[in-house]
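Following: one structure in structure tokens, then a few remarks.
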Amino acid sequence: MSEVDPKDFAAYAEGADAWFRENVVRDPGFMLPLTFMEVGTDRQFDFLRDWQNRVYEAGYLGAAWPKAYGGGGLPQAFQNEANRAMRRHHGPIMLNAIGLNWTGPLLLDLGSEAHRQKHLKGILSAEDIWCQGFSEPENGSDLGNAQTRAVRDGDDYVVNGSKIWTTLGRFAKYMILLARTDTTAPKKYDGLSFILTPMTVPGVETVPIRKLTGEHGFTQTFFTDARIPAEGLVGVEGGGWKVAMRTLEYERGARGGQAGGHVAMGTNAFDVVNLASRMSRAGAPLLEDPLMADRMIEFMMEIQSLALCSQRTQVPALIADRPSGIPLSSKLMSTEMTRRLNAFAIRLTGQSGAYYVDEPGAVDNGIWARAYLNSFSATIGGGTSQIQANIVGEHVLGLPKS
């Protein structure tokens with residue numbers, strides 16, 4: 001793209017700020033999910049699907065994707081500004097997280113022209129919701145040991161097996177599926193294929209999973225002789241491991257190209273400062289407690305450092321020593337920080353922290369307990385914190401696997 005025209009950019013930024021200021025719904029009359037992993041009711045789904053479509057039609061989602069596939073064809077700086085306006089005005093999350101952030105960028109990168117023409121606009125408009133079929137009940141984080149089978153039969157793959165933690169699986173039209181197409185390959189990674197899989201064909205069943213928080217954001221997906229069109233194969237048969245690893249780079253924030261928006265509305269340090277100003281101990285606000293104030297300042301410094309690290313990745317000279325260090329560690333650092341921040345917030349609420357959403361006595365209707373319990377899903381999805389630490393140790397610091 002050509003350089004950003006300052007006048008065009010200023011007009012776009014002003015328009016985005018005004019649009020979100022005027023269109024964000026503060027209270028739809030029911031509990032909105034904090035993350036895309038919490039969408040469990042039809043009411044939540046319908047509201048968020050409509051919201052994403054409105055943002056897209058207004059020009060503030062997919063602004064940097066090519067016009068040929070439904071995007072705006074603008075420089076990335078425009079979408080970045082729309083993202084800031086969306087957060088500034090506390091806009092709801094973007095529903096189609098897996099499509100916008102993983103599938104779409106992957107298809108722009110490695111997909112065929114037919115894949116792009118068929119899928120990208122529907123991802124942006126939220127017409128086509130996507131889920132992810134990587135993890136399996138018996139294999140946990142050992143993704144390379146996936147056992148769901150896909151056997152080629154003419155123009156289809158016949159798929160049998162099960163996938164778990166398929167967020168939005170009940171609502172999804174498509175899945176990005178990692179399945180085993182060759183059981184004789186000398187290395188387990190060589191027998192896997194990556195297939196764009198419709199969820200509406202016979203033989204595909206989703207079963208909701210009730211989470212600790214009480215909602216059903218996850219599902220388990222079962223395949224029983226499901227015939228999946230082979231035209232959905234991304235790359236070559238048996239080359240699915242490389243495609244999956246590229247997908248995880250998008251999921252972990254190590255590679256750009258996402259359509260925009262945010263998929264989480266987690267609490268932040270300023271919310272916790274506000275909470276501390278309202279809580280008291282021995283008749284004095286907790287904000288005046290030097291130990292509590294010191295801990296909150298530490299959180300604010302940590303949040304600012306994460307933001308600066310993100311900006312640092314845009315300056316090659318600042319990351320020349322370890323160019324992959326920040327991208328590979330950002331997911332680990334941010335999700336663990338969020339978990340600790342919410343745990344600290346519960347501590348501030350004292351005995352009231354034992355109450356949950358809609359329970360009498362809960363502070364702020366139990367949002368702190370809810371945010372804390374939900375924070376664990378982010379430390380697991382896309383690779384657990386333990387696995388992320390291993391990745392940083394091996395690929396950034398050069399430590400041996402043993």
With everything on Cα atoms, drop me the angle between helix 76-88 and the longest principal axis of the chain, reported from 0 to 90° to the nearest 10.
-> 50
Taking 0.36 nm per residue of separation and subtracting the Cα-Cα distance, what length does fully extending Arg87 through Leu291 add?
-> 70.4 nm
Mind checking which of Leu48, Leu318, Leu32 has the largest fluctuation in a GNM of the chain, springs on alpha carbons under 10 Å?
-> Leu318
What's the Cα-based Rg to Rh of the stretch 6-129, Rh via Kirkwood?
-> 0.97
With viscosity set to 1.306 mPa s and temperature to 10 °C, compute the Stokes-Einstein D of the chain, Rh being the Kirkwood radius across alpha carbon pairs; µm²/s, no decimals.
-> 70
Rule-of-thumb Rg ratio for the stretch 131-251 [Cα; 2.2 N^0.38 Å; N residues] | 1.00
Euclidean distance of C-alpha centroids, the stretch 240-317 and the stretch 328-389, integer Å | 12
Rounded to the nearest 10 degrees, the helix 6-23 long axis (Cα) sits at an angle to the longest Cα principal axis of the chain of 80
Additional length obtainable on full extension of the chain from Glu113 to Phe376, 0.36 nm per residue less Cα span | 90.9 nm
With the charge dipole of the stretch 269-396 built from beta-carbon charges (+1 for Lys and Arg, -1 for Asp and Glu) about the Cα centre, the Cα from Ser377, Gln388, Ser334 projecting farthest to the positive end belongs to Gln388
Which FRET efficiency, nearest 0.05, do Arg312 and Leu212 yield, Cβ-Cβ r, R0 41 Å?
-> 0.70
May I ask you to give the average projected area over all directions of the convex hull of the Cα atoms of the stretch 57-199, in nm² rounded to one decimal?
-> 10.1
How much mean residue ellipticity at 222 nm does the chain get from its helices, if each DSSP H run of length 4 or more adds -39500 (n - 2.57) and you divide by all residues, to the nearest 500 deg cm²/dmol?
-> -12500 deg cm²/dmol
Say we join alpha carbon atoms closer than 10 Å with springs in a Gaussian network model of the chain; which of Leu332, Leu196, Leu212 then has the biggest fluctuation?
-> Leu212
List the chymotrypsin sites (Phe, Trp or Tyr not before Pro) within the stretch 1-87 that fall in a DSSP loop (any state other than H, G, I, E or B) and whose Cβ has at most 16 other Cβ atoms within 10 Å.
-> Phe30
Given the options Glu231, Glu359, Glu138, which has the most mean-square fluctuation in a GNM of the chain, springs set between C-alpha atoms less than 10 angstrom apart?
-> Glu359
Just check the stretch 184-257 against the gyration tensor rule for me: Cα atoms, a ≥ b ≥ c as the square roots of the eigenvalues, rounded for a/c under 1.5, and otherwise prolate or oblate depending on whether a/b exceeds b/c.
-> oblate
By how many nm would the segment from Gln304 to Gln351 lengthen if fully extended, with 0.36 nm per residue of separation less the alpha-carbon distance?
-> 13.9 nm
Given 20 °C, 1.002 mPa s and a Kirkwood radius over Cα pairs, the Stokes-Einstein diffusion coefficient of the stretch 269-396 in µm²/s is 131
Mean Cα-pair separation over length for the chain, i.e. relative contact order, pairs under 8 Å, 6 or more apart, % = 14
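Values in this text are rule-based calculations from the coordinates and carry no lab data. Given the structure is predicted, the values throughout are model-derived calculations rather than measurements. Neighbour counts are summed over all protein chains in view; Cβ atoms, including those assigned to glycine, are modelled from backbone coordinates with ideal geometry.
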